[in-house]
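The values are calculated or read from the model by the stated rules, or taken from the named source; none is laboratory data. Remember, it's a predicted structure, so these values are computed and weren't measured experimentally. Note that we place each Cβ from the backbone using ideal geometry, even for glycine, and neighbour counts take in every protein chain shown.
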Amino acid sequence: MKLSQIAIWGLSLLSYGFASQVSVRDLSNGWTRGYFSNIQMSQSNGIGSILYIDAYNDLPGMELLLNFESLDEYNSAYSLVYGEVTQSSVRARTGRYSAAFSGDNVLVLEPHMSSIFAGSQEKQNFSIGFWVNPLRLGDGEILFSYRSSIEHADQLIHQSISAFIEADRIVWRFENVFFLENGDPILIELMGEPILRGEWVHQLVSMDVSRGFIQLLQNNEIVATRYTSIDNYAGSIISQPKFQGRKGQELRIGEFYGYLDGFLISRDFIDRTSLSRYESRGHFITEPIPVHGMILEQISVIAEQQDSAEIRMLARASQSAMVLQNMSNESGWVEVNADFFQKIERDQVRFIQLRADFFAGRSRLSSPTLRDIHVEYIKRPLPAVPGNLRYDRELNQLRILWQPLMTANVAGYRLYFGTASGEYFGSLEQGLSPIDIGMDHMISLSGLVQGRMYYFSLVSYDEHGVESQFSPELAILF
């Protein structure tokens, strides 16, 4: 995979010195702040955090999904007891990494009371699945197991769900999980089709409690089914799975030699899943980026792209960060091109927001990888900030006054106003906010509503229309 830098150039109308650069990854605190859709973050490649498209994550009722992309994939339903994932980028089936196991680096998780194994909800459907690439096919290699105990006939007995290799096949065994009406446990096993050493295969076992039906999918094909009745007949009395969430219960993953990926536990019956490595697309949206007083020189996307996978950049702009934050994630976006940079320069925009759209490659087997976005700019000198903002009232008019600035780069003043602090979108008889006052040092305002709060702030601007920072706000109850 080749590292590329996609540069989108701005139009520099003035030059005040050397360009500076801001890292969007740093602004986003290592990609931890912003707005994400189908995007995964990884910190495992030694060069800082990166973004890429999620492996499948849109399955219903997802309680646990381990794509082994980072160390914090465990959610509130499970916690890590011990074990450390050895990531492999060479053999990955979902996302960029899989987990490599050698038999002694088992991963042990503890189910919490919010998991399906707590037994807090009767008649709970469930599905358990994973991708596996075994490097040896010895009998007894355990890919996954759930181990606990359950009270039966006034004593505790062992309870387990396990997926293990036997005769070049994966066998799923449910021991002391299903109980007949008379209280006796029933052993249930499902066996898949033959598998090959060194090749990926997907297994998914799903339980429909309303029918008392379990099915095993191998690469999305049904290879085994079982009713939870004593005679495996649909019309017989079925038994329900029974868990008690006892202390000491655990999930054990990786007691075998090979690779595992896309391990999932769902609270639903899943009859089909995606076999693609990535979702088809996703996006990342930055928080609003302040650009007031800047001449944008260039926006560079530092990314890895291959096999038709790509990243496309969009942007939107506003005088208010709050306006950008309140906009829909799907509205207001334009291409980052010369027209966009001209708008920023012409309108003296205060905030921009960037959106990176990720598109998976052919057959969804590759994802672009975003390392960073660089915003290069020249900081232009701002005019001085007006001071001593004050007012007096004359009948139904309000007069705003200030101390005129004596600096050479002031070409006029603009008055911003509104009915909420910091949000200057007001309208009076003199016009919409902001009102251009020229070089005067006062303005009379009319059309204000009795009993309403108004907020005012003044800026100066230079011969290019570049505005100063806002003056201290003036709040007036009219």
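Here are some notes:
- Tabulated pairs, the range 456-470, first within 10 Å of residue 348 (Cα to Cα), second assigned to a strand (DSSP E or B) and among the β-branched types (Val, Ile, Thr), C-beta under 6 angstrom, 6+ apart or interchain: 467/459
- Set side by side, the residues 102, 37, 76 differ, and just one is surrounded by fewer than 18 Cβ atoms within 10 Å (Cβ to Cβ), under 20 Å from the mean Cα position of the chain (by Cα) and modelled with pLDDT of 80 or more, which is 37.
- Residue in the range 310-318 that is among the small types (Gly, Ala, Ser), in the same structural domain as residue 370 (by TED's automatic domain parsing), modelled with pLDDT of 80 or more and under 16 Å from residue 51 (Cβ atoms) present: no
- Count of the range 108-124 residues which are surrounded by fewer than 19 Cβ atoms within 10 Å (Cβ to Cβ), assigned to a loop (DSSP other than H, G, I, E, B) and in contact (Cβ under 8 Å) with a residue 24 or more places away in the chain: 8
- Checking the stated criteria, residue 255 turns out not to satisfy the condition of being in the same structural domain as residue 128 (by TED's automatic domain parsing), acidic (Asp, Glu) and surrounded by fewer than 19 Cβ atoms within 10 Å (Cβ to Cβ).
- Leading residue by the ranking (nearest to residue 365 (Cα to Cα)) among those in the range 303-343 that are of a type in the set (D, E, K, R) and free of Cβ contacts under 8 Å to residues at least 60 places away in the same chain: 307
- Flag if residue 190 is surrounded by 21 or more Cβ atoms within 10 Å (Cβ to Cβ) and either within 27 Å of residue 123 (Cβ to Cβ) or of a type in the set (Val, Ile, Thr) (or both): no
- Scanning the range 381-388 finds one or more residues that are under 28 Å from residue 445 (Cβ atoms) and of a type in the set (Gly, Ala, Ser).
- Filtering the range 226-243 to residues that are surrounded by fewer than 16 Cβ atoms within 10 Å (Cβ to Cβ) and within 43 Å of the chain's Cα centre (by Cα) leaves 234, 240.
- In the range 134-184, the residues that are of a type in the set (Gly, Ala, Ser) and buried (at least 22 other Cβ atoms within 10 Å of the Cβ): 148, 163
- Any hit, the range 438-460, residues being of a type in the set (Ser, Thr, Tyr), within 30 Å of residue 342 (Cα to Cα) and either in the same structural domain as residue 344 (by TED's automatic domain parsing) or modelled with pLDDT under 90 (or both): no
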